[in-house]
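One structure is given here, and the rest of the page talks about it.
Coordinate-derived values only; no laboratory data. Not measured: the values here are computed from a predicted model. Cβ placement follows ideal geometry from the backbone for every residue including glycine, while neighbour counts extend to all protein chains displayed.
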Amino acid sequence: MKKFYIIFSLFTILSALTTRAQVVIAVINEPNIVLLDPFDGTILNPSFIDLTPLSQGQPKAIVQVGNQIWISDQTADRIDRFDLSGTYVSTIDTGLDNIKGLNVIGEEVWVTNAGTNNGAPGNAIVRYDFQGNALGNFTTVGSSFDVIDTGNGEVYISYISNDSRIERRDYQGNVLGDLVPTGVVTFIQQMVLAPDANTVFAAVFSNNGANIAGLYEFSRTDGAIVDFWQEGSLRGLMPLGNGQILLSAGTNYGVKILDPVSGNTTQLWPESSQYFARLNLSPCSTPPTPVGAANQSFNAGATIEDIVVDPTDVIWFATESDALNNSNPLAAGTELIDNATYYAIQVVDGCPSLPLAVTVTISVLSNADWDVVKIILSPNPVKDYVDFSTSKFIYNYLVYNSLGQKLLEENLNGLEGRIDLRTLNSGIYFIRFSGENGHKTLAIIRQ
């Protein structure tokens, strides 16, 4: 019985990103690079790149490097480079022999190398900068096959033959030990972190005793086998946004979609295929940060739209974190709070800018006499209703939360009244009482 997988909806994630970004999954189906939908694996473009004009050998792995796409060719001993439209740019064809996996590691590109022709270093990880300039290499013990960045300064490298294992290194190439030691599985090809990043998936090509070829899931804590799906001699894999997993292998297997819960597969095509990659074909270009005074003053009752910025069509947030993540924007008409800081971004072609911070000061004409106005709230903390009495005539009151969002408002003319708080969740709120030429704000706790 396979364990239940939480579905990480890539579409949900992407909706929080820019509308301009076009994230796809690419897979090598020689001689073509095929584009797939990142949520359900639907074929979007069966021939995004045609490698025929380059007389390809055996293209193996694909990765996005900045605004380029790099494809390793195992038998042609080279890396072909394309722009994000799929147009050929250039080739790196020296210092490489029998290369397979390649990936962006920090600010470099690491390539697995196993031969010595063309001035190549033999068993090693060959390093490049994003412009394709060679940066040297790290020697490996055995023939490495794939390399991935775990995102925390640590790198995983897979190996084949008698040296089959998943090795851990830091960004400087220092060996940190093995995640999966030798003798567990044989011939590990593509690796990908699981969506929750707690485990790593590995496509295993050959049999090793009881641990036969197929898709393995290893714990990142101790390298233990968490799960296994018998799928034959696998080459590549990539999790989909709907919780299923793309798999690739040789002729007749081709590319399939695995449901990890039921273990059932659906074939997309039977032709031999290689590694997968996630590409962003339309990356965002960050627009300028809005411009405005860092400190601005307003009269009571001013709203978020009154803050002066250029351009004027910005999105406002109550916290810097929300602004950076483009989440929880403040509603139109949000009333400003004295001494609060608000954050504005502009969005151009679906791409968000960095935020502008504006701290506001609220001043009230002839408000001095309101400092001595006595307002009694009872009870406080309150469960449902709070009664108030004042020593100065009240025209209206409003209730807002800590983000400055107005929740309740009522006009009145009197010295006392009752406020119904039953629609509010437990928490701290603020009640602003307004009268002639001024106002006074009190905090209240809703139980």
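Observations, loosely collected:
- Cα-derived Rg to Rh of region 131-188, Kirkwood definition: 0.99
- Shown is the FRET efficiency for GLU154 and ARG278, computed with R0 = 22 Å from the Cβ-Cβ distance and rounded to the nearest 0.05: 0.65.
- On the beta carbon distance between THR42 and ASN264, with R0 = 25 Å, the FRET formula returns roughly 0.90.
- Convex hull volume per residue, computed on the Cα atoms of region 225-351, equals 181 Å³.
- Only lysine pairs 8 or more places apart, or on different chains, with alpha-carbon atoms under 17 angstrom apart are counted in the chain, and they number 5.
- GNM result for the chain, Cα springs below 10 Å: residue of ILE419, ILE157, ILE43 fluctuating most strongly: ILE419
- Among PRO379, PRO239, PRO195, the largest mean-square fluctuation in a Gaussian network model of the chain, built with springs joining Cα atoms closer than 10 Å, belongs to PRO379.
- At full extension, ASN174 and ASN208 could sit 9.4 nm farther apart than now, given 0.36 nm per residue minus the alpha carbon distance.
- Charging the Cβ of each Asp and Glu at -1 and of each Lys and Arg at +1, and nothing else, the dipole of region 269-376 about its Cα centre rounds to 240 debye.
- Convex hull volume of the C-alpha atoms in region 38-102, normalised per residue: 102 Å³.
- Kirkwood Rh in Å, taken over all unlike Cα pairs in region 163-309: 18.4
- Farthest toward positive dipole pole in the chain [+1 Lys/Arg, -1 Asp/Glu at C-beta], among GLN64, THR112, THR221: THR221
- Estimated from the Cβ-Cβ distance and a Förster radius of 56 angstrom, the FRET efficiency linking SER161 and ALA357 is about 0.50.
- Extension gain (nm, one decimal) between ALA294 and ASP83, 0.36 nm per residue minus Cα-Cα: 71.9 nm
- Remark: spin-label model distance ASP222-GLN131 equals 4.8 nm, labels positioned 7 Å along the Cα→Cβ axis.
- Rg/Rh (Cα only; Kirkwood hydrodynamic radius) as it applies to the chain: 1.16
- Electrostatic dipole magnitude of the chain [Cβ: Lys, Arg +1; Asp, Glu -1; Cα centre; debye, to 20]: 700
- Length added when fully stretched, ASN396-VAL372, from 0.36 nm per residue minus Cα-Cα: 6.8 nm
- Cβ-placed point charges (K, R +1; D, E -1), dipole of region 175-304 about Cα centre in debye, nearest 20: 300
- Low-density loop cleavage sites - GluC sites (Glu not before Pro) in region 288-349, where at most 11 other Cβ are within 10 Å (DSSP): none
- Convex hull volume per residue for region 376-447, taking Cα atoms only, in Å³: 76
- A Gaussian network model of the chain, with springs between Cα atoms under 10 Å, assigns the largest mean-square fluctuation among GLY136, GLY414, GLY232 to GLY414.
- Loop-located chymotrypsin sites (Phe, Trp or Tyr not before Pro) in region 64-93 (DSSP state other than H, G, I, E, B) with a sparse environment of at most 14 neighbouring Cβ atoms within 10 Å are absent.
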